[in-house]
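Undergrad: Input: one structure, supplied below.
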Amino acid sequence: MATTSPIFISATILLLLSSYAKASFILTLVNNCPFPVWPAIQPNAGHPVLERGGFYLHSLTHRSFPAPAQHWSGRIWARTGCTYAHGKFSCVTGDCGHRLECNGLGGATPATLAQFSLHHGHNDLSSYGVSLVDGFNVPMTVTPHEGKGVCPVVGCRADLLATCPQNLQVRSPPGHGPVVACKSGCEAFGTDELCCRNHYNSPQTCRASSFSEFFKHACPATMTYAHDSPSLMHECSSPRELKVIFCH
């Protein structure tokens, strides 16, 4: 009778343990806001849609789901002020084509974005960051658990709706309603310089502006313009969980 070598058995066990470790990687979205949010998830091209791309999350609740076992990159944001009326779903901020489940669609700006690149590199790295490049709608942080390496909590805890400069404010209803989001300088004024387009689309020519500095001063652990410091995308090896917290 043929016998199985101990080396083969050990390799098989290691492979199974490795698969289990990846399968047990969890993404958790936490709504600490005093109002409901509708989280949205958009994969980058070629990656699968998670949780159908969006769902409802009541105030002071959370939702956990398995992270992909293979390399995945994409973004997560919160939609606010969503309603379903006359057969149409729509959100005041972050709307994705008037759908509850975004299914790969991007969201309307301005919105606070969490960006991810999971399972990359030889040490199973997860990189993450919070971006205010497209403006702000709710405070948001990303908190890793049980990772190795560079695994800080990053993001923006400040409520920038209260301090948003008047020329960046988005109000709902328009004109006289409360401030519901804060535009980027690019969205507000559309110049190549503020949008880092054309001649300004390089690390040498794309610079911080007074508008991006407003965001950076309040929330230094975020990216605030297109060529902002890439070191804010941290490399955390094999975290057990990444927690996105709205209104941390």
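Each reported figure results from applying straightforward, stated rules to the coordinates on display, with no laboratory input. Just so it is clear, the structure is predicted and the values come from calculations on it, not from any experiment. Glycine gets a Cβ as well: all are built from the backbone with ideal geometry, and neighbour counts include every protein chain shown.
Undergrad: Residue farthest toward the positive end of the dipole of region 142-248, with Cβ of Lys/Arg at +1 and Asp/Glu at -1: which of T191, F211, V244?
TA: Ranked along the dipole, the leading option is V244.
Undergrad: Please work out how much length the chain gains when fully extended from H58 to R207, using 0.36 nm per residue of separation minus the C-alpha to C-alpha distance, in nm with one decimal.
TA: Result: 49.8 nm gained on full extension.
Undergrad: Another question, if that's okay. Which peptide among 54-66, 112-124 comes first, and what is the full order, when sorted by highest mean count of other Cβ atoms within 10 Å? Before the final figure, lay out each step's value.
TA: On the way: 54-66: 14.9, 112-124: 18.8.
Descending packing order for the listed peptides: 112-124, 54-66.
Undergrad: Just how large is the dipole of region 73-216 about the Cα centre, in debye to the nearest 20, putting +1 at every Lys and Arg Cβ and -1 at every Asp and Glu Cβ?
TA: 160 debye
Undergrad: Under a Cβ-only charge scheme (Lys and Arg +1, Asp and Glu -1), can you give me the dipole magnitude of the chain about the Cα centre, in debye to the nearest 20?
TA: It comes to approximately 340 debye.
Undergrad: Quote the relative contact order of the chain in percent (integer), defining contacts as alpha-carbon pairs under 8 Å separated by 6+ residues.
TA: 21 percent
Undergrad: While we're looking at this one, here's another question. Along the charge dipole of the chain, Cβ charges K/R +1 and D/E -1, which of V150, Q42, F116 sits furthest on the positive end?
TA: Comparing the listed Cα positions along the dipole, Q42 ranks first.
Undergrad: Once Lys and Arg get +1 and Asp and Glu get -1 on their Cβ, which of W77, L100, G87 lies farthest toward the positive end of the dipole of region 26-152?
TA: My answer, from the dipole projection, is G87.
Undergrad: For a bin width of 5 Å, list the pair-distance distribution of region 158-229 built from all Cα-Cα distances, rounded to whole %.
TA: 4, 17, 24, 22, 16, 11, 5, 2, 0
Undergrad: Here's a follow-up. Using Cα pairs under 8 angstrom and six or more residues apart, how large is the relative contact order of region 85-231, in percent?
TA: Averaging sequence separation for qualifying contacts and normalising by length gives 19 percent for region 85-231.
Undergrad: A further question follows. Angle check, please: helix 6-23 long axis (alpha carbons) against the longest principal axis of the chain (alpha carbons), in degrees 0 to 90, nearest 10.
TA: Around 20 degrees separate the two axes.
Undergrad: Let me ask something else about it. Keeping to pairs on different chains or 8 or more places apart, tell me how many lysine pairs in the chain have Cα atoms under 19 Å apart.
TA: 4
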